[in-house]
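K.L.:
Take a look at the following structure, please.
Derivation of every value follows stated rules applied to the coordinates shown; laboratory data play no part. Note that this is a predicted model, so its numbers are computed, not measured. Positions of Cβ are generated from backbone atoms using ideal geometry, with glycine treated the same way; all protein chains shown enter the neighbour counts.
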2 protein chains.
Amino acid sequence: MKIAIAQLNYHIGNYEANTAKIISHIKQAEQDGAELVVFSELALCGYPPYDLLERKEFVQHALKAVELIAQSCTTVAAIVGCPELNPEPQGKNLYNSAYFLAKGQIKQVVRKTLLPNYDVFDEYRYFQPNTTFSLVEWKGLKIALTICEDIWDDQPVANAFSRDRLYTLSPMQELAKLEPHLAINIAASPFSYTQVDIRRNIVCNKAKSFNVPFIYVNQVGELVFDGNSMVVNANGAMVAKAKCFEEDYLIVDSETLTMSPVIEAEPTDTIALIYKALVLGVRDYFQKTGFKQATLGLSGGIDSAVTLVLAVDALGKDNVRVLLLPSQYSSDHSINDAVALADNLGVRYDIVPIEPIFSQFNEALSPLFVGKEANLTEENIQARVRGTLLMALSNKFGNIVLNTSNKSEAAVGYGTLYGDMNGGLSVLGDVYKMDVFRLAHYMNRKSEIIPNNTIVKPPSAELRPDQKDSDSLPEYEVLDAILFKYINQNQSPQEIIAAGFEEATVLKTIRLVNMNEYKRFQTAPTLRVSSKAFGMGRRIPLVAQL
Amino acid sequence: MKIAIAQLNYHIGNYEANTAKIISHIKQAEQDGAELVVFSELALCGYPPYDLLERKEFVQHALKAVELIAQSCTTVAAIVGCPELNPEPQGKNLYNSAYFLAKGQIKQVVRKTLLPNYDVFDEYRYFQPNTTFSLVEWKGLKIALTICEDIWDDQPVANAFSRDRLYTLSPMQELAKLEPHLAINIAASPFSYTQVDIRRNIVCNKAKSFNVPFIYVNQVGELVFDGNSMVVNANGAMVAKAKCFEEDYLIVDSETLTMSPVIEAEPTDTIALIYKALVLGVRDYFQKTGFKQATLGLSGGIDSAVTLVLAVDALGKDNVRVLLLPSQYSSDHSINDAVALADNLGVRYDIVPIEPIFSQFNEALSPLFVGKEANLTEENIQARVRGTLLMALSNKFGNIVLNTSNKSEAAVGYGTLYGDMNGGLSVLGDVYKMDVFRLAHYMNRKSEIIPNNTIVKPPSAELRPDQKDSDSLPEYEVLDAILFKYINQNQSPQEIIAAGFEEATVLKTIRLVNMNEYKRFQTAPTLRVSSKAFGMGRRIPLVAQL
């Protein structure tokens, strides 16, 4: 059977656009002689809908849309992810379901069994878990249809406790008893640079363990979902693969999978993947929120430089303009480096010196600050003057301020709330500083777009004379390694020290992370590229003593 | 049997303080001749610990502490809430458990069956649900011990879907088969002014349905937990009750409960309860984050006035200082009203006119804004100048800025991000505007603390000449009613219109709510007093089309 794989980008709650996109791919599949076309998890409403699933009209809209789509399935059948009302009077409102549409009708509905409820996932908040198993049969082909997490029953348990398995049930094991010819999994599986190969291995292992060919259909778009849909033969070898970070559409023949040539795993360039994820993330966030233009403050430092290149690659140079906001503490080279980058990219820039406004703040506050020395307060005022100028540009011209903070800074609170932490979107908030450097080198791989001086000079906030990041923070090589273990791997201070890091540095770093939860609570939404980003996927109580 | 009820305030992660507090109450109960003392849900680690439960050292600390506490239980037994490691290699890491401590040991561990995973609750993220049932037996007394949600199996399903029950299992029904003499529920049940009587009815109904006396032990503190622990006889009548919003300790005799006089339900003054909840919330947030002093901007309007009274009642007048930040658009009466309030409360105030700073911003931006008319941009700059001045005071003197926005404003986005939305804690962010007026009247019930003029004048942001809230928003009576239906009751636009509200007003209001999710994403943590506050308990994707 010819089966079409539709790896698409869906917009949460935009039923008109999602429905049109799904129907157009059903028509395409029909034209291409496919007998089945597969869309991804909750494709119809978009993922993750979160508490929109508690709005009855949101779900009703989905149910109407799936009926409409069913009518398009006259010759070709389709599998579409969509919420389903729980028909039982007890339990959660909904199931997370895969609708099998054929002959103009909803022929069958398959429900998700394993509901992820960790990191950014809150599925148990909305969905009742499935407990019964049956195959989908279409033109003699018996399909084991599962939804995303259903095949992750034997995932490595990525937490600090020694556990074998997160789940006590294996949907594929149940379905295998029914002797399927083919397995299909529809997914909304986000990218993480820390687990590039894990998903592929899971799909390949499932195919091999149950000796069944496997079609895996993921989506693309903001969160960030990376696509990478794949087809695996019954020996567990990959025979087809969709693009990463782009919509894609491909057709496979389920009968010839065993004869198809095997695709070897591509060499993984983590930095290139992060770059692609961030470009997609920025572009998609703007498209889905209805904005076209971005602004940011260009300091001459590496974080704003890398953010600007990403913004230009995502939105186009004419849709980005920047402000240079020098103070009396800004070095000449900072301004020169910023100007050189803007010129290299062909981006409009304006220079607004902040010193006159900063002075006015100091003057206004001087009666209150009599006898007090200048300290962090005055540094923060500078950052807030900059943040206010950027927001003024944003308000006047209707663009979004891009936050330029990196994950290392965000982790230790090296940033000013309502100042340089401003922004509608944090582009680098899940990228540690050392990876920001690597991104800069990657961006310069063909020619020097980011001035070399921006990359090689010691990082500095330039909020007082001769300030350097290393005055108050460990070197970034060390800092990032500690942060990765603490935040991404949930290691304890004792484990990190045992791994060879200096105790004082570890304890200081961890103290900084814990005492700055309040700043991150108010931080901009952050593009997620690792297994543990700040934001929805990491929930720490603010009043805790740690 | 004499049983002590310890209704205490626990600090998340502060094992030293929580352990000491628990042990001291065990000693007290011993002295008082009690044979059992009951503490509340997850008392030992504090509630809600959220992702701290994913840190192994956090859980290990709890396990050590409970062993230590067990040693104090020589003559008296204790029930203490504490996480438990899941001994099985499959499933979630932990159980949410009640430890029964007696004779110096952990005698028995009872696990929570129903795990709330809605609103602010994420328990399924961490805990495996219990599936087996047994009683705790102590000196011949057979106790049906449950944890919080376990008795909420037949709660009214407060969502938009027509559902009978959220859960398919009733722990009390299972335990009743074992013929207990007494039921005990340990809880971490937050206050909500929208469901004051529901909890009491649930406890009373359980007692009556299963014909068993019932001891319900809640906690107090930030979130906000309101206490209101209670004892109900086997007829479902309340015979003892702990204080609301305060720590309390009481002793009951399980054998004489049926003879104890029945306590009638007190008349409920919702506004008085909200007042108490907010005072406790502010005080507790400061204590637990290690701060003593607060500041806020006093505008002469009602929101900042009510916030100031709450801050003074929570922290004391010497721990609060305010800034008056008038602009050229501020009316004289605003300054007079603000000064009068500060004087009435004996709070230090300073006046910092913002016009010189505002002018400097305008001047700096004028080359960029050539040909553009003054609009919301300039209004936002004023708000951000004020926000920056408040943060400067906060930074210099180490106090917390209290955010003064109310829930109606927060809902429709009537506030400036990084401006008047600044703050370490939002005091009124879960209080609709009409209730802010009611709070002001309540505060003035004995004498005029808040100047009458502040209460009676039309609300205005005073960011341009003669501005009034009603220029751009519906009247607050109407606005609040629509918002309550949409946000707290999850009603659809159609349902709200059908209830008699003008269609255009409903649609405009809902549009404003939906288009301002991005502002609320970066808002200060908010004291929760209703069943649906902004923040952790309400999760709306920012990129959705609604």
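K.L.:
What are the extents of the Cα atoms of the stretch A:272-468 along their three principal axes, in Å, largest first?
P.N.:
53, 36, 31
K.L.:
Averaged across orientations, what area in nm² does the convex hull of the alpha carbons in chain B project?
P.N.:
27.6 nm²
K.L.:
Next question. In the stretch A:136-286, how does Rg compare with the Kirkwood Rh, expressed as the Rg/Rh ratio over alpha carbon atoms?
P.N.:
0.98
K.L.:
Put the label 7 Å from Cα along Cα→Cβ for A:ASP164; what are its distances to the other copies, in nanometres, shortest first?
P.N.:
From this label point to the equivalent ones elsewhere in the assembly: 3.7 nm.
K.L.:
Using a 10 Å cut-off around each Cβ of peptide A:512-524, what is the average number of partner chain Cβ atoms that fall inside?
P.N.:
For peptide A:512-524, the averaged partner shielding equals 3.
K.L.:
Moving on to the next point. So what are the stretch B:378-505's ellipsoid semi-axes, whole angstrom, largest first, if each one is the square root of 5 times an eigenvalue of the alpha-carbon gyration tensor?
P.N.:
Computed over the stretch B:378-505, the values are 28, 19, 16 Å.
K.L.:
List the distances, in nm and shortest first, from the label point of B:GLU448 to the matching label points in every other copy, placing each point 7 Å from Cα along the Cα-to-Cβ direction.
P.N.:
7.2
K.L.:
Okay, moving on. If you add up the charges near B:ASP303, with Lys and Arg at +1 and Asp and Glu at -1, over every other residue whose beta carbon is less than 12 angstrom from its beta carbon, what do you get?
P.N.:
My count for the surroundings of B:ASP303 gives -2.
K.L.:
I've got another one for you. Students often get this wrong, so check it: of B:LYS112/B:LYS177; A:LYS508/B:LYS21; B:LYS468/B:LYS508; A:LYS317/A:LYS407, which have C-alpha atoms separated by over 20 Å?
P.N.:
A:LYS508/B:LYS21; A:LYS317/A:LYS407
K.L.:
What's the local net charge at A:LEU85, with K and R +1, D and E -1, over the other residues with C-beta under 11 Å away?
P.N.:
Charge balance near A:LEU85 sits at +1.
K.L.:
First check a/c for the stretch A:2-256, with a ≥ b ≥ c the square roots of the eigenvalues of its C-alpha gyration tensor; if it is under 1.5, answer rounded, and if not, answer prolate when a/b is larger than b/c or oblate otherwise.
P.N.:
It comes out rounded by the Cα gyration axes.
K.L.:
Further, regarding this structure: Could you work out, residue by residue across A:227-240, how many beta carbons of other chains sit within 10 Å of that residue's beta carbon, and then give the average as an integer?
P.N.:
Counting other chains' Cβ atoms within 10 Å and averaging over A:227-240 gives 0.
K.L.:
Next question. Roughly speaking, what is the centre-to-centre gap between the stretch B:474-546 and the stretch B:42-67 when only Cα atoms are used, to the nearest Å?
P.N.:
Spelled out, the Cα-based centre of one part sits 35 Å from the other.
K.L.:
Okay, next question. What are the semi-axes of the equivalent ellipsoid of the stretch A:5-85, taken as the square roots of 5 times the eigenvalues of the Cα gyration tensor, listed largest first and rounded to whole Å?
P.N.:
Details: eigenvalues 103, 29, 18 Å².
Gyration-tensor ellipsoid for the stretch A:5-85: 23, 12, 9 Å.
K.L.:
Using Cα pairs closer than 8 Å and at least 6 residues apart in sequence, work out the relative contact order for the stretch B:2-257, in percent.
P.N.:
Over the stretch B:2-257, the number comes to 18 percent.
K.L.:
A further question on this structure: Tell me, what is the percent relative contact order of the stretch B:272-470, built from C-alpha pairs under 8 Å that lie six or more residues apart? Please report the intermediate quantities before stating the final value.
P.N.:
Details: 304 pairs, mean separation 50.0, N = 199.
So the answer I get is 25 percent.
K.L.:
Tell me the chymotrypsin sites (Phe, Trp or Tyr not before Pro) within the stretch B:104-200 that lie in a loop according to DSSP and have at most 16 other beta-carbon atoms within 10 Å.
P.N.:
In loop regions of the stretch B:104-200 (DSSP not H, G, I, E or B), the sparsely surrounded chymotrypsin sites (Phe, Trp or Tyr not before Pro) are B:PHE161.
K.L.:
Rg over Rh of the stretch B:90-217, using C-alpha atoms and the Kirkwood radius, what does it come to?
P.N.:
Numbers: Rg = 15.0 Å, Rh = 15.6 Å.
Result: Rg/Rh = 0.96.
K.L.:
Continuing with the same structure: Work out the mean other chain Cβ neighbour count within 10 Å for the residues of B:355-368 and drop it here as an integer. Before the final figure, lay out each step's value.
P.N.:
Values: counts 1, 5, 11, 2, 2, 9, 9, 1, 3, 10, 9, 0, 3, 9.
Partner Cβ neighbours, averaged per residue: 5.
K.L.:
Here is a follow-up. May I have the pair-distance distribution P(r) for the stretch A:244-384, computed from all Cα-Cα distances with 10 Å bins from 0 and rounded to whole percent?
P.N.:
Going out from 0 Å in 10 Å bins, the stretch A:244-384 shows 10, 26, 23, 19, 11, 6, 4, 2, 0 percent.
K.L.:
Debye calculation, C-alpha points only, no solvent: report log10 I(q)/I(0) for the stretch B:43-121 at q = 0.12, 0.16 Å⁻¹, in the same order as the q values.
P.N.:
So the normalised log intensities are -0.35, -0.61.
K.L.:
Taking the protein assembly as shown, how much of its Cα-Cα pair set, in percent, is spaced more than 53 angstrom apart?
P.N.:
Summing the P(r) of the protein assembly as shown above 53 Å gives 20 percent of all pairs.
K.L.:
Let me check against my output: what whole-number percent is the relative contact order of chain A, with C-alpha pairs under 8 Å and at least 6 apart? Could the numbers behind the result be given before it?
P.N.:
Details: 1082 pairs, mean separation 61.5, N = 546.
With pairs under 8 Å counted, the relative contact order is 11 percent.
K.L.:
Oh, and also: Quick check on packing: order A:222-232, B:345-355 by the mean number of other C-beta atoms within 10 Å, highest mean leading.
P.N.:
Ranked by mean Cβ neighbours within 10 Å, highest first: A:222-232, B:345-355.
K.L.:
Near A:ALA440, within a Cβ-to-Cβ distance under 14 Å, what is the net charge of the other residues, with Lys and Arg +1 and Asp and Glu -1? Could the numbers behind the result be given before it?
P.N.:
Values: positive: A:LYS433, A:ARG438, A:ARG445, A:LYS446, A:LYS457; negative: A:ASP303, A:ASP313, A:ASP337, A:ASP435, A:GLU448.
Surrounding charge for A:ALA440 is 0.
K.L.:
With n ≥ 4 as the cut-off for DSSP H runs, can you work out [θ] at 222 nm for chain A, using -39500 (n - 2.57) per run divided by the number of residues, rounded to the nearest 500? If you can, show how the numbers build up before the last one.
P.N.:
Values: 17 runs with 192 residues, N = 546.
Counting only the DSSP helices, I get -10500 deg cm²/dmol.
K.L.:
Using all alpha carbons of the stretch A:367-436, what is the percent of pairwise distances in each 10 Å bin, ordered from the shortest bin to the longest?
P.N.:
Reading the bins upward from 0: 20, 40, 28, 11, 1.
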